[in-house]
Every structure is written in structure tokens, then in C-alpha cells.
Amino acid sequence: MADSDKTKRPTLGIKPDAEAPSARTRAPVRGRHVPRDHSKPLPKLAADKAAEAKSGKERPKAGRPESAEGGNERRRPRPPGSVQARPEPREQPEAQAPSSHDKRAPYAERPRTVNVEHFFVSCPRGLEAELVRELAELGVTDARPAAGGAAFLGDLQLAWRVNLWSRLAIRVLWRVAEGRYRSEDDLYSSARELDWPRLFDVSRTLAVTTLAHKSPLKSLNFASLKIKDAVCDGFRASVGERPSVDTHTPDVPLVLYLTADRYTLYLDLSGEPLNRRGFRIEPATAPINENLAAGILRLAGWSPEQPLYDPMMGGGTFLIEAAMMALNIAPGLNHHFAFEKLGSFDMVEWQRLRKGAEAAQHEREPLAIYGSDNDPLMVRAAGLNLQAAGLLDCVVLREADFLQVDAPPGPGLVVSNPPYGVRLSLADMASFYKDMGDTLKKRYAGWTAAFISADPEFPKLIGLSANRRTPLYNGPLECRLYSYRLVSGSNRG
Ligand SMILES: C[S@@+](CC[C@H](N)C(=O)[O-])C[C@H]1O[C@@H](n2cnc3c(N)ncnc32)[C@H](O)[C@@H]1O
């Protein structure tokens, strides 16, 4: 990266351009084998028998097409609980951890008896199709997109694996009951039927969150209360005591999702949202969610062989996600999950999965991943966050104005969420976006670019013709991801 102002170099993690690795000279990133995934049958829920009787032991379809984050798509009636299935024995390749190169790395498993459970994985809205692709890479064979996530069937260990490896997921929810309801009493009765002491120990704390779309119930808090009562009454009847409630950091978070006439009750297997990777130690201006950043890298078609540059990196989210992808680092390795507190948790199997993920990481090495920002505080924040992730030596950071600085060695992908509305006046914003377009045209011929913006004027002002516009949500903020192929002189809109 040529520097127009060398005196401005920050102190954290900056490498001179000569040290910057070229993607073309880097050794290819390879996946490694991990131990096979052994699994033992899981205990069945009390409601399973009724479910099987109702379903006629058919393989059920999607667990739940609607989003636990408030989606509104169509529902399919489902029997409560799970269904036991015995897959046909078949040839098994060695189970593999996902590889940053082999996007289709299968998680084939030994023939075994498995309990097929229903799961719903939530993700930022707009990433559902990409989440389905990611789940397939993680060994999920039947993921189906739904608003705000995807549903899949599998055993609990597959759900643990998704928790450990998914870069796009927010939560993995395990469906334990589902059906029609008209009143809070129906919800109570359904939850009361479950064998709660088999699901978790009475010493665990719990909390119930109710999400609803078009529910006729007046109070969602009251619905939560009814579920909590049902769980506690179930425990009292079975073991003579009840678990405590902890609404802040429950061991066992329960999620009740209501539509106009149907309810679904989930155990949240994740606990803390999966996008909280634990590396955000220094605040940044308007950071993008980690899983959205990872999804954008996928949507942009980025692969670790390509140079990547975030010229307005803020706290460095894109850089951290890209480096973790390039080094095949499981995003959940630093995470503790709610499923570790459930009765079905199997420490031996979990350690096997974790050890596989640890072995699958590549050695830290310099990567063709570059970041800059014109705010020295942001350069510091990105440096500290990358350091917390153990990735500071893998990337190249600098303080620079995007409009002044030359492109790093490329071509590759330039990706960013540019400043939006808050700190710049409308007039400044308009001229900044126009200057961004001019800079891209002048200095980034041959690169691809991906910018996420909530500003509806952005595509016009940048003056480039996007080859793709993808609707995405950054939290509640409706955005578009604009993708550009930058060919000198031909992108003027
Ligand atoms: C929305 S924030 C990016 C947040 C970042 N993606 C993250 O996750 O932390 C936009 C960033 O653009 C930076 N910025 C604004 N104008 C710039 C310019 N001309 N050159 C470089 N950076 C700029 C701001 O300092 C801010 O950190």
C-alpha cells in the first residue's frame, strides 16, 4: 500500500508494505482431518411417543419455518417433540472439520441410531440462503431457509457442531414442543407434558423469552410466566423442588414463539448470541455485526486466496472474520454454550468436536488482509480487537484516508460499511460517496467491491453501476449490499 502521508503511521500492528504478503505467494490453506463423529442415542422426550403416534413415524419436514426473531412466513403443523429414525448404513468417508478451501467438506457420520430432532438456526435477515449453504458445509443435509434463519433436522451433536462452526448463525434453537393454542392455558398444558427433569437438572436456572407474530395474547410476559410455571410444576411433581429463574444469565434459556394460532417452544442451545465472538474489547463507531460481516464476505464470493481490503475498517470486524475464515478458525472456540448445561450434554463427544476444531486451525501466518481508517482511534480499536483474537500479526493495518491512499497489492475484494448519516451532513455524505466512486474507478481497476449501506441515496451518489444489490438487515436497519466489478472507465453509472 503506497502511503501518501508516512508521518501518520499508527503504532499498532502496522507493517510496512514490503512485509505485506501477496495472496499469490501464500501457501494454500488446507483443512485437516479430525476424529470421526461418534454419537450415541439420545434419550427421548416424554412427548415423543405421542409425536410418533401422530406422525406415523414418518420423517418430519421442516422444524419451524418462521423466525424466532420475528419472521412471518407460513407454518406447517408439526407433532410435538422429536422422532427417532435409523439411517441406512452407508460407506463413510473420514469425518472432516470444515475447510476454508473445500467449501463442501462433508461431515459424514458412521452408521448409527440417531434421534432426529428439529432445530431452527436464526441469522441476520437476508442471509438465510447463505446460512443454508453454510449449514450444508457443516454436514446438515436438509436445511431449509425460512425468514430470519433456517430449519434443519439432525441429532444434538450436529447442533453442537453448528454452534461451534457457524459464522452466520445467531442462535441454534432446539424445538421441544409445538402445536395449536388459543389461550395461555394451552401453552401451560403443552409445556407441562414435557419431562423437564430429563432435559436439565433442577439446580440449573431458567428464563423464558416469548416472541410473537400476530399472537392474539394480550401479554407476552404472561405467556412466559405460564411456561415457567409449567416447567417448575413439572419439576416439583417429579423431584419435589423447582429450578430458580435468572432472567439475565440463565443456564437454560427457553424461547416461546407464537403466531396467530400456533406455538413452538425451544430450548436455546446457544445462550449468548453466537455472533459475540468475544474479541470486541474496544468500541468502534457503528460496528457491523460479526455474522453479517461473515455473510457479506460469502455473498461477495471472497475466498482466502484473494487479497481483502477494508478501507473504513472501524473496529476491524471484516478483517477478523476474514482472517478467521482464512485460518479455518471455528468462531465458537472461545464460547460457552447453553447446551453444556443440559442433561443431554456429553462432555466426551463435545471435547472430541472441540479438539477437532482446534486441530483444523491453520498456523497463524501473514495474510493478504488489509485494513485502514482515517480515525487513529479506530486504528487502535481494530488493533486491540485483532490482538484479542490472536490475529494482529496476520493482517496489515494503517491509518489512512481512503480517498488518498493507494490500493494494497491486488486485485482482490474491497469491502466496507462506509459511514452513514450520523457523523456527516447530507452534503458531505453526497460528496464523500461520489469521491469514493471516483477513487474506486481510478485505483481499483480489476477489483471487486462490496459495500453495505442503509442510505438509499448511496447507489446513486457513488456513481457506479452495481452488478448485484442484496437486501440485508444490520440489526433492525434495512440495508443493501452493493456489489461492483471494477473495470477502469466502465463503471460510471
Ligand atoms: C460504519 S464505520 C465502520 C465500522 C466497521 N465495519 C466495524 O465493524 O467496526 C465507518 C468507518 O469509516 C471511517 N471513515 C470515514 N471516512 C473515512 C475516510 N475518508 N477514510 C477512511 N476511513 C473513513 C470512520 O472513521 C469509521 O470508523
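The values are calculated or read from the model by the stated rules, or taken from the named source; none is laboratory data. What you see is a predicted model; the values in this text were computed from it and never measured. Reconstructed Cβ throughout: ideal geometry from the backbone, glycine too, with neighbour counts over all protein chains shown.
Can you pull out every residue in the stretch 461-477 that is surrounded by 13 or more Cβ atoms within 10 Å (Cβ to Cβ) and charged (D, E, K, R)?
If the condition is that a residue be surrounded by 13 or more Cβ atoms within 10 Å (Cβ to Cβ) and charged (D, E, K, R), then Arg468 is the only one that fits.
Can you pull out the helices (runs of 4 or more DSSP H) entirely within the stretch 297-395 that have at least 3 residues that are within 16 Å of the ligand (Cβ to nearest atom)?
Those helices (runs of 4 or more DSSP H) span 317-326, 376-388.
Out of the strands (runs of 3 or more DSSP E) lying entirely within the stretch 112-185, which hold 3 or more residues that are crowded, with 24+ Cβ neighbours inside 10 Å?
114-122, 149-154, 171-180
With respect to Asp246, is the statement that it is charged (D, E, K, R), assigned by TED's automatic domain parsing to the domain that holds Leu206, under 19 Å from Arg204 (Cα atoms) and touching a helix residue (DSSP H, G or I) at 6+ places or on another chain (Cβ under 6 Å) true?
no
Do the conditions hold for Met347, that is, is it at pLDDT 95 or above and closer than 24 Å to Pro250 by Cα?
yes
Which condition does Tyr482 not pass, out of (1) away from the ligand (no atom under 14 Å from the Cβ); (2) among the hydroxyl-bearing types (Ser, Thr, Tyr); (3) in contact (Cβ under 8 Å) with a residue 40 or more places away in the chain, if it passes all the others?
Going through the list (1) away from the ligand (no atom under 14 Å from the Cβ); (2) among the hydroxyl-bearing types (Ser, Thr, Tyr); (3) in contact (Cβ under 8 Å) with a residue 40 or more places away in the chain, Tyr482 breaks only (3).
Given the conditions (1) farther than 18 Å from Leu319 by Cα; (2) modelled with pLDDT under 95; (3) not small (Gly, Ala, Ser), report the number of the one that Asn474 does not fulfil.
Checking Asn474 against (1) farther than 18 Å from Leu319 by Cα; (2) modelled with pLDDT under 95; (3) not small (Gly, Ala, Ser), the one that fails is (1).
Out of the residues in the stretch 403-453 that are part of a loop (DSSP other than H, G, I, E, B) and free of Cβ contacts under 8 Å to residues at least 12 places away in the same chain, state the one that is nearest to the ligand (Cβ to nearest atom).
Checking each candidate, the answer is Leu424.
Can you work out which of the residues in the stretch 358-377 that are hydrophobic (A, V, I, L, M, F, W, C) and in contact with a helix residue (DSSP H, G or I) (Cβ under 6 Å, 6 or more places away or on another chain) is surrounded by the most Cβ atoms within 10 Å (Cβ to Cβ)?
Ile369
Which one of these does Pro287 not meet: (1) farther than 17 Å from Ala169 by Cβ; (2) within 16 Å of the ligand (Cβ to nearest atom); (3) outside any loop (DSSP other than H, G, I, E, B)?
(3)
Here is a check on your reading of the model: is Ile281 within 11 Å of the ligand (Cβ to nearest atom) and either assigned to a loop (DSSP other than H, G, I, E, B) or closer than 30 Å to Gly446 by Cα (or both)?
no
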